[in-house]
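A.B. asks: I'd like to ask some things about the structure below.
The values are calculated or read from the model by the stated rules, or taken from the named source; none is laboratory data. Quick caveat, the model's predicted, so the values are computed rather than measured. Only protein heavy atoms, including side chains, enter the accessible area calculation; ligands, DNA and RNA are left aside. Shrake-Rupley method; radii C 1.70, N 1.55, O 1.52, S 1.80 Å.
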Amino acid sequence: MNPRMSDTGKLVVISGPSGAGKSTVISRVMNSDPNVTFSISATTRSPRQGETDGVEYIFMDKLRFEKMIAGGEFLEYAKYVNNYYGTPAAPVRESIAAGKDVVFDIEVQGAMQIKNRCPNAILVFIVPSSFAELERRLRARGTDSEEVINQRIQTARTEYLMVPNYDYIVINDDPDQAAYEIKSIITAEKCRFSDRKKYLTEVCQL
Ligand code: 5GP
């Protein structure tokens, strides 16, 4: 028996302030590991330039989102800067059943809901090197109004209060290094005693 055969897919929740560079880091993790799949969230916010429905998000109106809430179709959902964001549960179940690791890009309220429902989920908080850098990145993106940028910065300050609930902190001053750290976290989590003890009993017969 291959000792790694018993590895099961991991749920990896990535949070961090808007502008921390989460999507860049996540795509680098996915490009380097075909076993990692991304949980595509639903949102009521409008698509930004360059975003495609079904790729970055499933874009929908408030009515459809609220119907999905009522139908219990979300693993978690939250309101963030006046819009709904949520994780459809069905694709996550399918990925886990196929042995895939699932990466989520979600804010702190949703991350706590996942931790409550799935205690084995790994929670990673990504931070930029400083608040000044965060502000610079949000402005450089050029996609949000001044009001929304200020709301996002304010939200980031409150989000930082939740960091003690996370398992890992990754500092994104270099996306390749940050992606490497996340891959290392996933690898290390798969080597945990609780995951590997089956190997001791079945293969080593200890
Ligand atoms: P943005 O509008 O910049 O794409 O995302 C805003 C925030 O919503 C980010 O912090 C992102 O992590 C979070 N987010 C994206 N998808 C979800 C989701 O499905 N659930 C929750 N709770 N937050 C999400």
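A.B. asks: Translational D (Stokes-Einstein, µm²/s) of the chain at 20 °C and 1.002 mPa s when Rh comes from the Kirkwood sum over C-alpha pairs?
C.D. replies: 119 µm²/s
A.B. asks: Kirkwood Rh, segment 21-130, all Cα pairs: how many Å?
C.D. replies: 14.8 Å
A.B. asks: Can you give the accessible area per residue of segment 148-197, in Å², using a 1.4 Å probe?
C.D. replies: About 58 Å² of surface per residue is accessible.
A.B. asks: Another one. Please give the helix 131-141 orientation as an angle from the longest Cα principal axis of the chain, in degrees from 0 to 90, rounded to the nearest 10.
C.D. replies: Helix 131-141 sits roughly 70 degrees off the main axis of the chain.
A.B. asks: Do you know the relative contact order of segment 18-107, to the nearest whole percent, from alpha carbon pairs under 8 angstrom that are 6+ apart?
C.D. replies: Relative contact order, segment 18-107: 34 percent.
A.B. asks: Working from the pairwise distances between different alpha carbons, so that the mean of 1/r is found and then inverted, what is segment 104-206's Kirkwood radius in Å?
C.D. replies: 16.2 Å
A.B. asks: Using a 1.4 Å probe, how large is the accessible area of I106, given in Å² and rounded to the nearest 10?
C.D. replies: Surface open to solvent at I106 totals about 10 Å².
A.B. asks: Between 0 and 90 degrees, rounded to the nearest ten: what's the tilt of helix 175-190 against the longest Cα principal axis of the chain?
C.D. replies: Roughly 40 degrees between the two axes.
A.B. asks: Could you let me know the centre-to-centre spacing of segment 161-206 and segment 91-150, using Cα atoms, in angstrom?
C.D. replies: 18 Å
A.B. asks: Assuming 0.36 nm per residue, please report the length gained on full extension of the stretch N150 to T201 beyond their Cα-Cα distance.
C.D. replies: 12.9 nm
A.B. asks: Please give the solvent-accessible surface of E181 in Å², to the nearest 10, using a probe radius of 1.4 Å with every protein chain present.
C.D. replies: The accessible area comes out at roughly 60 Å².
A.B. asks: Which percent of the accessible heavy-atom area of segment 32-134 goes to carbon and sulfur, probe 1.4 angstrom?
C.D. replies: Here carbon and sulfur together make up 52 percent of the probe-accessible area.
A.B. asks: Evaluate Rg over Rh across segment 122-166, taking Cα atoms for both radii and Kirkwood's formula for Rh.
C.D. replies: Reported Rg/Rh, Kirkwood definition of Rh: 1.01.
A.B. asks: At a Cα cut-off below 27 Å, give the lysines reachable from K22, other chains included and same-chain residues fewer than 8 away excluded.
C.D. replies: Reachable lysines: K10, K62, K79, K100, K115, K183, K190.
A.B. asks: Here is a further query. For segment 1-82, what are Rg and Dmax over the alpha carbons, in angstrom?
C.D. replies: 15.8, 51
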